[in-house]
Amino acid sequence: MSIGYSAKVMEHFLQPHNMGEIADADGIGEVGNPVCGDVMRLMIKVEDEKITDIKFQTFGCGAAIATSSMVTELVKGKTLDEAEQISNQAVIKALGGLPPAKIHCSVLAEEALQAAIADYRSKHPAEPAVTES
Ligand code: FES
């Protein structure tokens, strides 16, 4: 069953972290892969530009669940700007690698994160900078 998967991937697949729903999320990102049909939904809570909570619901393969779990771990406590820099490669690295056929699952995690941040920003436009005169 675990052929090709690292121990970290198996750990996050079998016991995913931050799985569930945030009812009053400040930003929601939902993305799907039209080829495999898997869907990933990330919800974030933001305070002072920092992601204070994040949860996921993923209807997908084991690698999609493991990458969802890992991306929530990497993002929690980060500022929005820091979180935006987290790529699928960072998720793969943190998981100790993914089989080549499963790389697209990690792309879903990056896209869901970007979508959640974009959703937050569209609902909370930045205050115009105060300029000294
Ligand atoms: Fe498509 Fe994993 S097989 S997300």
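The values are calculated or read from the model by the stated rules, or taken from the named source; none is laboratory data. The structure displayed is predicted, hence computed values, not measured ones. Cβ: placed from backbone, ideal geometry, glycine included. Neighbour counts: every protein chain shown. Remember, those area values only see protein heavy atoms, side chains included, never the ligands or the DNA or RNA. Shrake-Rupley method; radii C 1.70, N 1.55, O 1.52, S 1.80 Å.
Miscellaneous remarks
- Within the range 75-98, tally of residues that are open to solvent by 30 Å² or more (accessible area, probe 1.4 Å) and either in a helix (DSSP H, G or I) or over 11 Å from His17 (Cβ atoms) (or both): 13
- With respect to (1) outside any helix (DSSP H, G or I); (2) of a type in the set (Gly, Ala, Ser); (3) within 18 Å of Ser6 (Cβ to Cβ), the lone exception for Ala126 is condition (3).
- Residue in the range 66-74 that is open to solvent by 10 Å² or more (accessible area, probe 1.4 Å), within 15 Å of the ligand (Cβ to nearest atom) and under 9 Å from the mean Cα position of the chain (by Cα) present: yes
- Residues within the range 23-36 that are more than 14 Å from the chain's Cα centre (by Cα) and either modelled with pLDDT under 95 or open to solvent by less than 10 Å² (accessible area, probe 1.4 Å) (or both), tallied: 4
- Taken as a whole, the condition of being part of a helix (DSSP H, G or I), more than 14 Å from the ligand (Cβ to nearest atom) and of a type in the set (Asp, Glu) applies to Glu11.
- Some residue of the range 110-132 being more than 16 Å from the ligand (Cβ to nearest atom), modelled with pLDDT under 95 and among the polar types (S, T, N, Q): yes
- Residue satisfying all of: in the range 56-67; part of a helix (DSSP H, G or I) and not hydrophobic (A, V, I, L, M, F, W, C); modelled with the lowest pLDDT among these: Gly62
- Reported count of residues in the range 1-34, each being within 16 Å of Ile103 (Cβ to Cβ) and among the polar types (S, T, N, Q), is 2.
- Residue within the range 41-55 that is within 16 Å of the ligand (Cβ to nearest atom), assigned to a strand (DSSP E or B), touching a residue at least 60 places away in the same chain (Cβ under 8 Å) and surrounded by 14 or more Cβ atoms within 10 Å (Cβ to Cβ) present: yes
- The residues listed here are Thr58, Thr72, Thr52; of these, the one that is closer than 30 Å to Pro125 by Cα, among the polar types (S, T, N, Q) and in contact with a His (Cβ under 8 Å, 6 or more places away or on another chain) is Thr72.
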